[in-house]
Amino acid sequence: MSEVPKEPAIYIDADACPVKAEAEAVATRHRMRIYFVSNGGLRPSQNPLVEMIYVADGPDVADMWIADRAGKGDVVVTTDIPLAAKCVATGAQVLRPNGEALTERNIGQTLATRDLMTDLRAADPFRQGGGKPFSKADRSRFRDGLDRAVLAAKRAQI
C-alpha cells in the first residue's frame, strides 16, 4: 500500500517573526497551507489556509514541532539556526525573515558563525547583540525569497 503524499506547506517559527503578513500573502497567492507555530499570543487569522499552532511553553518546543513535520516539498521560515539545520537536512527549503536562503551549501558555516558569536558574547558581558533594524528592503527580499522557495519546494514535490 503506497503512502498518500503530504501536501506541501509553509512553516513559520512565529514567536518573533517580523514577516508574518508577507508570508501569509505569499502562501495565499500560491494556495499553500501555512502554519504559524508559537507559544501563544498571536491573533488568529481568518484565512482558511492559515493554521495557528500553539505549543506548550518551554525551550525549543515550537522548533521541535516544526522539525518533526517539515521535509521535502515544504518551506520553513526561521531565525533559529539549529532548527534551520534540521530542516535543511530533511530537504525543506529554509529562509530567514530577511529572505536569505539557508541551504546544504551554507548551513555549516552559518552554524559555525552562530556558535562563534555565542562564545564571543559569553566571553564579554558588555558585548551586546543588536544589528540594523528590519527594513522595507528586508521585507521585499523576504517576499521574493519566499516566492522562490515555494516554487523550489513545489518542484521538489514532483
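Determine, from the Cβ-Cβ distance of Arg31 and Asp57 and an R0 of 35 Å, the FRET efficiency 1/(1 + (r/R0)^6), rounded to the nearest 0.05.
Working: r = 33 Å, r/R0 = 0.94.
After rounding, the FRET efficiency stands at 0.60.
Could you work out the local net charge near Lys86, counting Lys and Arg as +1, Asp and Glu as -1, over the other residues with Cβ closer than 10 Å to its Cβ?
On the way: positive: none; negative: Asp63, Asp68, Asp80.
Spelling it out: positives minus negatives among the neighbours equals -3.
Express in nm, to one decimal, how much length is gained between Leu49 and Met64 on full extension, taking 0.36 nm for each residue of separation and deducting their alpha carbon distance.
On the way: separation 15, 0.36 × 15 = 5.40 nm, distance 2.19 nm.
Full-extension gain reported as 3.2 nm.
Can you pull out the GluC sites (Glu not before Pro) in segment 1-55 that DSSP calls coil and that have at most 13 other Cβ atoms within 10 Å? List each step's numbers first, then the result.
Numbers: sites: Glu3, Glu22, Glu24, Glu51; in loops: Glu3.
Listed in order of number, the matching sites are Glu3.
Pairs Lys72/Lys136; Lys20/Lys86; Lys132/Lys154: which exceed 27 Å Cα-Cα? Don't jump to the answer; show the numbers that get you there.
On the way: Lys72/Lys136 30 Å; Lys20/Lys86 22 Å; Lys132/Lys154 33 Å.
Flagged as over cut-off: Lys72/Lys136; Lys132/Lys154.
Since every read-out is calculated from the coordinates, none of them should be taken as a lab result. What you are looking at is a predicted structure, and each value in this text was computed from that prediction instead of being measured. Cβ sites come from the backbone with ideal geometry, for glycine too, and all protein chains shown count toward neighbours.
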